[in-house]
Amino acid sequence: MQTLKTTAVAPDVGPRPGHKFRRLISQTPWVGAAISALVVFVIFLTVAPHFSSAESLTSVAIVAAQLGIGAAGVTLLMIAGEFDLSIGSVLALTSIIAAFLTSVAGVSVPVALCGALASAVLIGLLHGTLVLYASIPSFIVTLGGLMFWRAMVYLISGGYPVSAPADSAVLTWMSQRFANGLSMGLLWSLVVLLIAHWVLTNTKFGNWIYATGGNVAAARLKGVPINQLKLTLFVMTAVLACFSGLVQLGRFGTVDANRGSGLELEAIAAAVIGGSSLRGGVGSVLGTLLGCLTIAMIRQGLALINMPPAVYQALLGALLVSAVLINRAIEKRSRS
């Protein structure tokens, strides 16, 4: 009599918890940013005195807001597969233009602000045109812009601070501080980030951004206007950098030649910490907001424990590289 052999079948236990977690992060990049922000908060809550005080948290909010306006434009551009390394120099140049027009040329403040914004539009158009029609990588174009526009700042100002009218109602309103220590800059940042989030998640334009960054050839075949899209994003990024500078002009009353220095690296770091991919097609405004908060907490926490600025730069660089490594690992896991 022949004996029948049976093969045991392992029960289907479903996906492992680690797989579910990786899938969650790959589908919602801001989750990893939220975890990073929470870890940073707990660390400084433990080691930094008065980190949880109202004054300290207000400083964190103000720093994150200043960074968030420029980082919103950088995020959308990165998702579309491009970079802008010049926003710090653009911020300084357009602020200097506004202050110079009011204090030296005698132009009214509203006209000077419009002139600064128009300058930002022209800069964005120039960057986008060189990238799209001269086929120069955006990294090179905007790196050149970083150096060129900063040189223009020094040439216009002579290296000296340029002041804006102290009695300007427009500038005062744009940067008004409230009794609790917060300012209009925080409100402007939230408005910009909310609009960017809405555009990215609820409009055809947002779908085009993701499609372009994910696969530009496929997006072009589907009728996405690639050149117009990217040109718009370059202009928008420059305009947001300008707007951030004008808010700071109203807050401080003067612009120095080093204003905005390093902003471009912090904005890219915030986007990457928030889950944006350097290859494009992945990212979220919510993640960038959490990245801005993480950077602001690091800066405030290190200041409270009297660490030199070099430590902040070292930690930010290490955090940026770590975020890229984690994002790459998640991408590989999700593909496999």
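The values are calculated or read from the model by the stated rules, or taken from the named source; none is laboratory data. Values in this document were obtained by computation on a predicted structure and should not be read as measured data. Reconstructed Cβ throughout: ideal geometry from the backbone, glycine too, with neighbour counts over all protein chains shown. In case anyone asks, the SASA skips ligands and DNA or RNA and just uses the protein heavy atoms, side chains included. Shrake-Rupley method; radii C 1.70, N 1.55, O 1.52, S 1.80 Å.
Say whether the condition of being open to solvent by less than 50 Å² (accessible area, probe 1.4 Å) and modelled with pLDDT of 85 or more is met by at least one residue in region 323-332.
no
Filter the helices (runs of 4 or more DSSP H) completely within region 110-214 down to those with at least 1 residues that are open to solvent by 20 Å² or more (accessible area, probe 1.4 Å) and farther than 24 Å from residue 66 by Cα. Break it down into steps so the answer makes sense when it comes.
On the way: elements: 138-157, 169-174, 184-202, 204-214.
Here the list reads 138-157, 184-202, 204-214.
Provide a single number: the residues in region 84-115 that are in contact (Cβ under 8 Å) with a residue 12 or more places away in the chain, touching a helix residue (DSSP H, G or I) at 6+ places or on another chain (Cβ under 8 Å) and over 14 Å from residue 263 (Cβ atoms).
Going through region 84-115 one residue at a time, the tally reaches 12.
Under 9 Å between Cβ atoms, at least 6 apart or on separate chains: pull out the pairs that start in region 52-66 with a residue that is more than 14 Å from residue 187 (Cβ to Cβ) and free of Cβ contacts under 8 Å to residues at least 40 places away in the same chain and end on any residue that is crowded, with 19+ Cβ neighbours inside 10 Å and of a type in the set (Lys, Arg).
none
I'm told residue 225 meets every condition in (1) in contact with a Phe, Trp or Tyr (Cβ under 9 Å, 6 or more places away or on another chain); (2) within 15 Å of residue 68 (Cα to Cα) except one. Can you identify the failing condition by its number?
Unmet for residue 225, out of (1) in contact with a Phe, Trp or Tyr (Cβ under 9 Å, 6 or more places away or on another chain); (2) within 15 Å of residue 68 (Cα to Cα): (2).
Among the numbered conditions (1) assigned to a helix (DSSP H, G or I); (2) open to solvent by less than 30 Å² (accessible area, probe 1.4 Å), tell me where residue 82 comes up short.
It is condition (1) that residue 82 fails.
List the residue pairs whose Cβ atoms are under 7 Å apart, where the first residue sits in region 235-247 and is over 10 Å from residue 95 (Cβ atoms), the second is open to solvent by less than 30 Å² (accessible area, probe 1.4 Å) and among the charged types (D, E, K, R), and the two are 6 or more positions apart or on different chains.
Once the first residue is over 10 Å from residue 95 (Cβ atoms) and sits in region 235-247, its partners that are open to solvent by less than 30 Å² (accessible area, probe 1.4 Å) and among the charged types (D, E, K, R) give 237/84.
Does any residue of region 232-243 turn out to be touching a Ser or Thr at 6+ places or on another chain (Cβ under 7 Å) and within 22 Å of residue 117 (Cα to Cα)? Quick ask: steps written out before the conclusion?
Going through region 232-243, the residues touching a Ser or Thr at 6+ places or on another chain (Cβ under 7 Å) turn out to be 242.
This time we only want the ones that are within 22 Å of residue 117 (Cα to Cα), so: 242.
Looking through region 232-243, at least one residue is touching a Ser or Thr at 6+ places or on another chain (Cβ under 7 Å) and within 22 Å of residue 117 (Cα to Cα).
If a residue must be over 23 Å from residue 32 (Cβ atoms), part of a helix (DSSP H, G or I), touching a residue at least 12 places away in the same chain (Cβ under 8 Å) and open to solvent by 10 Å² or more (accessible area, probe 1.4 Å), how many such residues does region 248-285 contain? Break it down into steps so the answer makes sense when it comes.
The first filter runs over region 248-285 and keeps only residues over 23 Å from residue 32 (Cβ atoms), leaving 248-263.
Imposing the further condition that a residue be part of a helix (DSSP H, G or I) reduces the set to 248-252, 263.
Filter once more, so that each one left must be touching a residue at least 12 places away in the same chain (Cβ under 8 Å): 248-251, 263.
Subsequent filtering for residues that are open to solvent by 10 Å² or more (accessible area, probe 1.4 Å) retains 248, 250-251, 263.
Total satisfying the criteria: 4.
Residues being within 17 Å of residue 138 (Cα to Cα) and charged (D, E, K, R): count how many of those fall in region 204-221.
0
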